[in-house]
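Engineer: Below is a structure I'd like to ask you about.
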Amino acid sequence: MGKLIETFVARKEDFIQAVVEHIQLSLLSLLIAILLAIPLAILLTNYKKAAEFVLQITGIFQTIPSLALLGLLIPIIGIGSPPAIVALVIYALFPILQNTYTGLTEIDPSLEEAAEAFGMTKREKLVKFELQLALPYIISGIRTATVMIIGTATLAALIGAGGLGTFILLGIDRNNVYLILIGAISSAVLAVLFNFGIHLLEKATVKRIVAAFMVLLALLVGSFVYTHQEAEQKEITVAGKLGAEPDILINMYKELIEANSDIHVNLKSNFGKTSFLFNALKSGEIDVYPEFTGTVLETFLKDNKNTSNDPREVYEYAREQIKKQENMDYLEPMRYENTYAVAVKRSFAEENGLKTIEDLKKVESQLKAGFTLEFIDREDGYKGLQKLYNLNFDVKSMEPSLRYQAINNRDVNVVDAYSTDSELKQYDLVILKDNKRLFPPYQGAPLLKAETLEKYPELKELLQPLVGKITEEEMSEMNYLVNVEQKDPATVAHDYLVEHKMLEK
């Protein structure tokens, strides 16, 4: 419990931001779903056949896995909050629509006749009589939708929409159960609080419910105004992928920029996977993020004709082509290469005489691999191992941090890795030599849109101190400090900059 509290206190500012983001996502989605579902249910009471069809369609939407739905929405809407809100609204529609429709159609016909006998107009009958009688059903549907939305909203972190899911993802990535607990417990508490608050409205009048609705709407608008106040005259958003290393790098960018200019840096750490950041950069949601030369070649370029494995030639080719294709500027890289690697336990390598990737052929029948989805699908990943090394073995797809736990527990005996991963040291793994040179150089460098550099040309000079700096050993050690010793990435980044005279204390 003490460690949980310590972790919470250390990240209280991030926690507050995550809670606000989670409430904004959940409330906005719920209010939109209510505004859509209740009027639709009222309309459908006059069209029974159409009602059956609509209810079936909305019910089918709920069977679509949330990750699949988010994946389908990304090409259409992009990343961040919009696709998350659309997905949450889709999930919330069915319980509200079904319960409202049921409540309105289950009213005793004799009561309907009595209302008409009192001379009520159709509108008066709906507002003063039918909705009041159906209220318990409607509130029950809203309660169900609310719990569902708050729980599902944790997945919004996967597409850069923030919320409490960022704590869960970060905890999984860093094998930190306390971060996972903070995210999961907070989400559950929010669901309970909202559920209880809505329960209190079950016996309220329609007018009071509308008043509560307006208060919630005002609070929501106010929170968005507060968190989206007009930015300072000079502000950029720097984002990083999931993991300790990107988090360290973007904190270095922030310190160097803010210490030597009047530009304010808004950080978005653990923003998501490669494709999410690249799409966010293209859409202007973020301004800068650290990317690797090999990734630019293998993932972003539509017509990669590079045949060199020389780090300098690869960088220059990547810089030239990404400029032509996307009008993006790729600043000078750091020294280290965080290239892909294939790793095994040291004991397994010694038992089987494994020194190179090619040596895996002699133990191919024994191999069980834990690879990330990205590595499995890349030409410079498992596909390349199959083509260049003629290797085929049992492969399980895993999240990055989970594959290390799997090899440590001997559930798998070979994993993909990055050459600077702290887990190599932590779990006593050895990298097998890429003797056929499958993996291209992977040097990290800031990637940004050309218009951002035109607006802030000083960025190139501000980030210049990192050019050609940081060795693989230094990066691996910094990753170890964050992942294993649980040090704050901002502190690790600051200490490195001070130690190497790039920044004053």
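The numbers here are math on the coordinates, done by the rules we state, and not lab data. It should be emphasised that the depicted structure is a prediction, and the values quoted were computed from it without experimental measurement. Note that each Cβ is placed from the backbone with ideal geometry, even for glycine, and that neighbours are counted across all protein chains shown.
Engineer: If you take every DSSP beta bridge fully contained in the stretch 340-432, what fraction is antiparallel? Give it as a percent rounded to 5.
Structural biologist: Counting only bridges with both partners in the stretch 340-432, antiparallel ones make up about 55 percent.
Engineer: Same structure, new question: Between Glu332 and Glu461, 0.36 nm times their residue separation minus their Cα-Cα distance comes to what?
Structural biologist: Length gained between Glu332 and Glu461: 45.4 nm.
Engineer: How large is the direction-averaged shadow of the alpha-carbon convex hull of the stretch 2-227, in nm²? It would help to have the intermediate numbers written out before the result.
Structural biologist: On the way: hull surface 56.3 nm².
So the mean shadow area of the Cα hull is 14.1 nm².
Engineer: What's the extension gain from His500 to Gln426 if we count 0.36 nm per residue and subtract their Cα-Cα distance?
Structural biologist: That pair, His500 and Gln426, stretches by 24.1 nm at full extension.
Engineer: OK, next. Work out the FRET efficiency for Asp262 and Lys436 from their Cβ-Cβ distance, taking R0 = 56 Å, and round it to the nearest 0.05.
Structural biologist: On the way: r = 50 Å, r/R0 = 0.89.
Once rounded, the FRET efficiency stands at 0.65.
Engineer: Zone of Glu364 (label point 7 Å along Cα→Cβ, backbone N under 20 Å): which residues in the stretch 311-344?
Structural biologist: 342-344
Engineer: Taking neighbour Cβ counts within 10 Å as the exposure measure, how do Lys501, Lys355, Lys449, Lys273 sort from fewest upward? Could you put the intermediate results ahead of the total?
Structural biologist: Working: Lys501 8, Lys355 11, Lys449 19, Lys273 16.
Going from least to most buried by this count: Lys501, Lys355, Lys273, Lys449.
Engineer: Express as a percent, rounded to the nearest 5, the fraction of DSSP beta bridges in the chain (both residues included) that run antiparallel.
Structural biologist: Expressed as a percentage, antiparallel bridges in the chain total about 55.
Engineer: Structure shown: which of Lys254/Lys460; Lys3/Lys425; Lys234/Lys282 lie over 18 Å apart, alpha-carbon to alpha-carbon?
Structural biologist: Checking Cα-Cα distances, Lys3/Lys425; Lys234/Lys282 exceed 18 Å.
Engineer: Suppose each label sits 7 Å from its Cα in the direction of the beta carbon; what would the Ile76-Phe196 distance come out to in nanometres?
Structural biologist: According to this spin-label approximation, the distance is 3.8 nm.
Engineer: Please compute the contact order of the chain in relative form: average sequence separation of alpha-carbon pairs under 8 Å and at least six residues apart, divided by the residue count, as a percent.
Structural biologist: Relative CO of the chain lands at 15 percent.
Engineer: Could I ask something else about it? What's the longest uninterrupted piece of the chain once you rule out the chymotrypsin sites (Phe, Trp or Tyr not before Pro) that are loop residues per DSSP with at most 12 other Cβ within 10 Å?
Structural biologist: 119-505
Engineer: What FRET efficiency comes out for the pair Lys383/Val210, r = Cβ-Cβ distance, R0 = 45 Å, nearest 0.05?
Structural biologist: My answer for the efficiency is 0.20.
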